[in-house]
Amino acid sequence: MPAALAGVGAAEAVAAVRGSGSFLDAAGKLVVDRGPRSAVEIVIPVLRSADKAAIRAGALATVLAYGALLGGSHRSGPRDLAATTALAAAGVVVSGRFGSVTGHRRSHTQDLLAVTAGSAVGVAALRMPIRARMCTALLGAAALTWSQRQAARSTPPATCGSGDACGQDLLPPPRHPLPPPVDGAEAWPGATPLMTPVEHFYVTDVTMRPPVVDSGMWRLRIEGAVDRPATMSYTDLLGEELVEFDAAMVCVHNRLGWHRLGNQRWTGVPLHRLIERAQPRPTAAVLVTRSVDGWECSLPLDLLTDRDAYLVLGMAGRPLTPAHGYPARVFVPGLYGQYAGAKWVTHIRLQNTPNEDYWSRRGWTRGPLQVRPMARIDNPVAGQVLPAVSGTVTVCGVAWSPATAVAAVEVSLDAGPWRPAELAANLSATSWRRWRAHLEVPAGRHVVRARCLGVDGQIQEEVVRRPFPSGVSGYHQVGFTVRPIDPVSPVAPRPLGTG
Ligand SMILES: Nc1nc2c(c(=O)[nH]1)N[C@H]1C(S)=C(S)[C@@H](COP(=O)(O)O)O[C@H]1N2
Ligand SMILES: [Mo]
């Protein structure tokens, strides 16, 4: 095992120095793409936002366990050589097959170099006396830590090509900027921010690290069943008339009460404008959006007339961050994220029939799938103990129904009747909406539930269902306790020695 640690450390450090992709990332991608769906479904809720780090750690643990199996008694026999060579060969194959899709610059020669260096160090360590082997393992651990830091740090700056907007933090102003996002709930105590800060905005994708896209080299191609295929650069797109829109983006993996959704102001180009210019043929029925890592999402072409769809370049007034799809992504508000278009999009291909999407291949419902109305309670939080201020507790949260707009939110205390909540102003049909309700609550334990009603009369579904295969349903509920207040003197300390 120490030898394996030394070897992996060396391989990862060499990869980091050469600027090529990590073997652990490639192994992680193998797990994400080929692992059983049920396992992925378990990992996501347990690990939440740490899923990628955990997958990397799992890949490392596997290699170490392999090392542990080899280590011990037989030190330097031909078996070790054979086993190390087998591991190295697996490393090269996995890196070659799954490494390139992480979007990092890499070549087979570089993979070979990193893996060979790692194997050499591993074999050398196997032949060392135990103390030296331990020291080499420590060095390996240090190299591993350094390379992981390096990978995390080098990703964002690497996305900035020369002379583009990334890094300057600027997008050209839209011709008709929206008014500042204000909904009247700014002074509500404990209210959720109306706009989810970009650094807290959930990230869901199947890459191990955000792809490194140089916007100077990047091109968007509109092709397939069109009479005028088009190729556009980032600069071309920044020169388009940009529009702003407010919308919630919701992951179909989101669960009751979770934060795998966010609300933001996006900047982009209406997709129909770009598509019309390419002159689709009458037979074209779908547009397939494909990203730099090969991830695909097919959208019916009718969508462009039924609802707004965008090529998004910015979020919160700035260029997209690498994690959220820099330099450009396709987004159709109202559809769950995995049906709403590719991040890091490079191709929009018009076709007569759809392709099988990444997630539908894994059993998820075929798109497009509309986001169903849902309310989330953000205050109180589960298990909170509250002082009852004159018997009233204020419950607040957000509700979304980006496919139809939020018409109403209702709350129910202790399975009692549904009562309407107060709604903040609506920024847009696709934005989430803040709500609150003042409830008369006696001391003791309580459960509050909330539900959302869409403008089309759709009431949030009560039946509880898991995200797979077409999104959660059920009502979010929160249990809390109201502490009785001493009616005479709530703050005075009790005299000592009395009951
Ligand atoms: N290229 C690519 N685009 C993608 C995905 C992906 O894995 N790869 N995931 C989709 C899913 S499942 C969701 S929910 C949204 C998430 O966008 P965000 O990470 O910016 O929140 O992106 C979508 N676009
Ligand atoms: Mo998602």
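I need the full set of residues from region 406-423 which are assigned to a strand (DSSP E or B) and either under 17 Å from Ile459 (Cβ atoms) or under 30 Å from the mean Cα position of the chain (by Cα) (or both), in order please.
Correct list: Val406, Ala407, Ala408, Val409, Glu410, Val411, Ser412, Arg419, Pro420, Leu423.
Conditions (1) in contact with a strand residue (DSSP E or B) (Cβ under 8 Å, 6 or more places away or on another chain); (2) outside any helix (DSSP H, G or I); (3) surrounded by fewer than 22 Cβ atoms within 10 Å (Cβ to Cβ); (4) free of Cβ contacts under 8 Å to residues at least 24 places away in the same chain, marked per residue:
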site: Ala323; (1), (2), (3), (4): no, no, yes, no
site: Gln338; (1), (2), (3), (4): yes, no, no, no
site: Ala342; (1), (2), (3), (4): yes, yes, no, no
site: Arg349; (1), (2), (3), (4): yes, yes, yes, no
site: Asn355; (1), (2), (3), (4): yes, yes, yes, no
site: Arg361; (1), (2), (3), (4): no, no, yes, yes
site: Gly367; (1), (2), (3), (4): yes, yes, no, no
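Select, from Ala403, Ala399, Ala382, the only residue that is outside any strand (DSSP E or B) and buried (at least 21 other Cβ atoms within 10 Å of the Cβ).
Just a single option satisfies the conditions, and that option is Ala403.
Out of region 450-471, which residues are outside any loop (DSSP other than H, G, I, E, B) and free of Cβ contacts under 8 Å to residues at least 40 places away in the same chain?
Arg465
Would you tally the residues in region 198-216 being more than 12 Å from ligand 1 (Cβ to nearest atom) and in contact with a strand residue (DSSP E or B) (Cβ under 9 Å, 6 or more places away or on another chain)?
So the answer is 2.
Just need a number here: residues in region 268-289 that are touching a residue at least 12 places away in the same chain (Cβ under 8 Å), away from ligand 1 (no atom under 14 Å from the Cβ) and outside any loop (DSSP other than H, G, I, E, B).
11
Just name the residue that is nearest to Tyr326 (Cα to Cα) out of those in region 249-266 that are away from ligand 2 (no atom under 16 Å from the Cβ) and crowded, with 21+ Cβ neighbours inside 10 Å.
The residue in question is Trp266.
Any idea which residue in region 330-343 is farthest from Val269 (Cα to Cα), counting only those that are in contact with a Phe, Trp or Tyr (Cβ under 7 Å, 6 or more places away or on another chain) and near ligand 1 (Cβ under 7 Å from one of its atoms)?
Per the criteria, the residue is Gln338.
Quick test for you: out of Asp246, Asp236, pick the one residue that is more than 16 Å from ligand 2 (Cβ to nearest atom), without any contact (Cβ under 8 Å) to a residue 24 or more places away in the chain and not in a loop (DSSP other than H, G, I, E, B).
When all the criteria are applied, what remains is Asp236.
Restricting attention to region 168-227, report how many residues are away from ligand 2 (no atom under 16 Å from the Cβ) and under 30 Å from Thr394 (Cβ atoms).
22
Computed from the coordinates by the stated procedures, all read-outs in this text should not be read as laboratory data. Quick caveat: nothing in here was measured; it's all calculated off a predicted structure. Neighbour counts are summed over all protein chains in view; Cβ atoms, including those assigned to glycine, are modelled from backbone coordinates with ideal geometry.
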